[in-house]
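Engineer: I'd like to ask some things about the structure below.
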Amino acid sequence: MQQAKVMGCFRGALTGIIWSVPDIACELFGEDWHYGDAFAYLWRRFGPPHFGSDADKELVTYALVDGNPDIILDVSPKPAGPSCSFRYLLSPLLYQKAEAEYMVHRREPNYDERQGRVIGLIVDVLASMMAELLTPVFIRDVGVNILGRVADKDLGATHYVECSKYAGYGITQDYFLKFDEFGNRPSVE
């Protein structure tokens with residue numbers, strides 16, 4: 001899994017046409033969640049995020065891809081827990097296919113979006129990506145995952161991922177001074 005390089009015209013949401021992403025997050029992570037642990041893990045594993053976020057509402061946001069370039073898992077650790085910390089983004093074509101599938105089946109009694117061909121695939125990919133965030137990364141000799149510290153007894157039975165080569169780098173203030181008060185880069189004259 002890695003950070004997305006571009007997001008282009010991707011569309012998505014917290015919930016919507018896709019079976020609720022918060023439901024997947026709560027199934028995997030329960031309420032055993034601390035946004036500080038999640039932030040530390042994401043920073044250590046992926047380095048600084050490639051895209052900005054809403055400075056009033058979010059600490060940080062990571063746009064992650066893994067295998068399917070049409071699906072982005074958007075992770076923004078929030079104090080309220082996993083139910084509002086995960087969103088999805090889809091390429092325009094995949095979003096259109098999922099929306100069409102949803103519109104055809106939404107009035108069927110007992111319809112479960114996860115059973116649809118397109119939406120089921122999307123749900124499986126998102127669930128797999130979220131589960132991958134339980135894979136430890138090390139901070140020195142301490143294994144951590146998105147839920148925090150991994151017990152030493154559990155580390156021997158699992159694989160781990162290497163930390164980002166950028167995880168320890170700093171960003172000088174000079175870089176940020178290039179932006180105006182609204183976060184826009186100044187025009188080059």
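Engineer: I need the full set of residues from the stretch 92-143 which are over 30 Å from Gly156 (Cα atoms) and polar (S, T, N, Q), in order please.
Structural biologist: Gln96, Asn110, Gln115
Engineer: Further question on the same structure: Does any residue of the stretch 49-62 turn out to be more than 22 Å from Ala167 (Cβ to Cβ), in contact with an Asp or Glu (Cβ under 8 Å, 6 or more places away or on another chain) and outside any loop (DSSP other than H, G, I, E, B)?
Structural biologist: No, every residue in the stretch 49-62 fails to be more than 22 Å from Ala167 (Cβ to Cβ), in contact with an Asp or Glu (Cβ under 8 Å, 6 or more places away or on another chain) and outside any loop (DSSP other than H, G, I, E, B).
Engineer: Quick test for you: out of Glu27, Glu31, Glu58, pick the one residue that is at pLDDT 85 or above, closer than 29 Å to Ile139 by Cβ and acidic (Asp, Glu).
Structural biologist: After ruling out the rest, the residue left standing is Glu27.
Engineer: Quick check on the stretch 79-137: of everything there that is in a loop (DSSP other than H, G, I, E, B) and in contact with a helix residue (DSSP H, G or I) (Cβ under 6 Å, 6 or more places away or on another chain), which residue is nearest to Val161 (Cα to Cα)?
Structural biologist: The qualifying residue nearest to Val161 (Cα to Cα) is Pro79.
Engineer: Same structure, new question: Determine which single condition Asp74 fails, assuming it passes every other condition in (1) out of contact with any helix residue (DSSP H, G or I) (no Cβ under 6 Å at 6 or more places or on another chain); (2) without any contact (Cβ under 8 Å) to a residue 60 or more places away in the chain; (3) charged (D, E, K, R); (4) surrounded by 14 or more Cβ atoms within 10 Å (Cβ to Cβ).
Structural biologist: (2) is the only condition that Asp74 fails.
Engineer: Could you tell me which numbered condition Asn145 fails, if it satisfies all but one of (1) touching a helix residue (DSSP H, G or I) at 6+ places or on another chain (Cβ under 7 Å); (2) without any contact (Cβ under 8 Å) to a residue 24 or more places away in the chain?
Structural biologist: (2)
Engineer: Within the stretch 70-78, does at least one residue satisfy the condition of being at pLDDT below 85, farther than 22 Å from Glu162 by Cα and either out of contact with any Phe, Trp or Tyr (no Cβ under 8 Å at 6 or more places or on another chain) or in a strand (DSSP E or B) (or both)?
Structural biologist: No, the conditions are met nowhere in the stretch 70-78.
Engineer: Counting only residues that are at pLDDT below 85 and either among the hydroxyl-bearing types (Ser, Thr, Tyr) or under 21 Å from the mean Cα position of the chain (by Cα) (or both), how many does the stretch 90-112 have?
Structural biologist: Adding up the residues that qualify gives 2.
Engineer: Something else: Taking the residues in the stretch 163-187 that are surrounded by 10 or more Cβ atoms within 10 Å (Cβ to Cβ) and closer than 18 Å to Arg140 by Cβ as candidates, determine which candidate is modelled with the lowest pLDDT.
Structural biologist: Gly168
Engineer: For Val144, state whether it is of a type in the set (Val, Ile, Thr), part of a strand (DSSP E or B) and closer than 20 Å to Asp37 by Cα.
Structural biologist: yes
Engineer: So, in the stretch 56-70, how many residues would count as being more than 12 Å from the chain's Cα centre (by Cα) and free of Cβ contacts under 8 Å to residues at least 24 places away in the same chain?
Structural biologist: 4
The values are calculated or read from the model by the stated rules, or taken from the named source; none is laboratory data. Quick caveat: nothing in here was measured; it's all calculated off a predicted structure. Cβ sites come from the backbone with ideal geometry, for glycine too, and all protein chains shown count toward neighbours.
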